[in-house]
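Down below is the structure, laid out as structure tokens.
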Amino acid sequence: MSTVELSVKGMSCGSCVLHVTEALNAVEGVTEVDVDLQAASVRVSAECDSDVLVAALGDAGYPAQLSSPAASSSPARKTGCGGSGGCCCK
Ligand SMILES: [Cu+2]
């Protein structure tokens, strides 16, 4: 069991959070999902590879990547619903 933190793009409302939560819960091995909409991040307790989690989020329409303190290539860009971020509730 390990906990990984992912940064997720495209989440801008409560139903995005639901979609992300459902997408992750559908992954085998995932036991806990904690979405932080404000921080655009998700903490996941899972027994599977983080690549699988990232892929599941990508399939759901939310490009994600592992949150790493060293990563400097992830500017916090805000996208509103209906914006170029492809929000679910457009
Ligand atoms: Cu939304």
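Observations on the structure shown:
- Scanning region 4-39 for residues that are free of Cβ contacts under 8 Å to residues at least 24 places away in the same chain, more than 15 Å from the ligand (Cβ to nearest atom) and assigned to a helix (DSSP H, G or I) gives a single hit, N25.
- The residues in region 40-51 that are surrounded by 20 or more Cβ atoms within 10 Å (Cβ to Cβ) and either in a helix (DSSP H, G or I) or among the β-branched types (V, I, T) (or both) can be counted, and the count is 2.
- For region 42-90, the set of residues classified as away from the ligand (no atom under 16 Å from the Cβ), of a type in the set (G, A, S) and at pLDDT 95 or above consists of S45, A46, A55, A56, G58, listed by residue number.
The values are calculated or read from the model by the stated rules, or taken from the named source; none is laboratory data. Just so you know, these numbers come straight off a predicted model, no measurement behind them. When we count neighbours, we look across all protein chains shown, and the Cβ atoms used for this are built from the backbone with ideal geometry, even at glycine.
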